[in-house]
């Protein structure tokens, strides 16, 4: 609970609000333009970079900011470029992704094992089981396709994306730590 309280209190700072707003804007832009589908896997594997601002918000300001960037980023992306029907489940998934990265990375040293653990928790719970559930419920007329089919597709997608996403989050975390140290030194002078 202390983690959530500290994260919520971060939002009282104007500088934090401005950075969260910029990360939200970056999340929307990356969600709309920084995507690639790999046809090698039957168009089931989609690489995107929209998770990076969510992870950054969670790392910098905690789970509350991560939740806001994840959830609002999904809603704003749909408003700006709707593709089919709005699926509220993916807004929930975005919020949970922000919470998970915030819980694992906020006010913690960014280490590769910590990033791997955060990524695995997010991928197993949100990107695999929950995403498969949203696809099963919202994109499966008459429930003709079994849930396990959607689940298998999600496992393949997650497995292909594992190494690049973990390395990107780790590199981003190291950049954030270096920037924070630099700012702390400047304030100390």
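Listed values, structure above:
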{"quantity": "Failed item, numbered, when residue 184 is tested on (1) in a helix (DSSP H, G or I); (2) out of contact with any strand residue (DSSP E or B) (no Cβ under 6 Å at 6 or more places or on another chain); (3) touching a residue at least 24 places away in the same chain (Cβ under 8 Å)", "calculated": "(3)"}
{"quantity": "Residues satisfying the stated conditions in the range 24-46, i.e. part of a helix (DSSP H, G or I), in contact (Cβ under 8 Å) with a residue 12 or more places away in the chain and closer than 25 Å to residue 160 by Cβ", "calculated": "26, 27, 28, 30, 31, 32, 41"}
{"quantity": "Considering residues of the range 59-78 that are in contact (Cβ under 8 Å) with a residue 24 or more places away in the chain and more than 21 Å from residue 8 (Cα to Cα) only, the residue surrounded by the fewest Cβ atoms within 10 Å (Cβ to Cβ)", "calculated": "76"}
{"quantity": "In the range 149-185, the residues that are surrounded by 13 or more Cβ atoms within 10 Å (Cβ to Cβ), more than 28 Å from residue 135 (Cβ to Cβ) and out of contact with any helix residue (DSSP H, G or I) (no Cβ under 7 Å at 6 or more places or on another chain)", "calculated": "171, 174, 177"}
{"quantity": "Selected residue (only one of 139, 83, 123 is more than 22 Å from residue 10 (Cα to Cα), without any contact (Cβ under 8 Å) to a residue 60 or more places away in the chain and buried (at least 23 other Cβ atoms within 10 Å of the Cβ))", "calculated": "123"}
{"quantity": "Extreme residue, modelled with the lowest pLDDT, among residues of the range 30-58 that are buried (at least 17 other Cβ atoms within 10 Å of the Cβ) and more than 13 Å from residue 70 (Cβ to Cβ)", "calculated": "45"}
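The values are calculated or read from the model by the stated rules, or taken from the named source; none is laboratory data. Bear in mind the structure is a predicted one, so any value in this text is a computation, not a measurement. Every residue, glycine among them, receives a Cβ derived from its backbone with ideal geometry; neighbour counts consider all protein chains shown.
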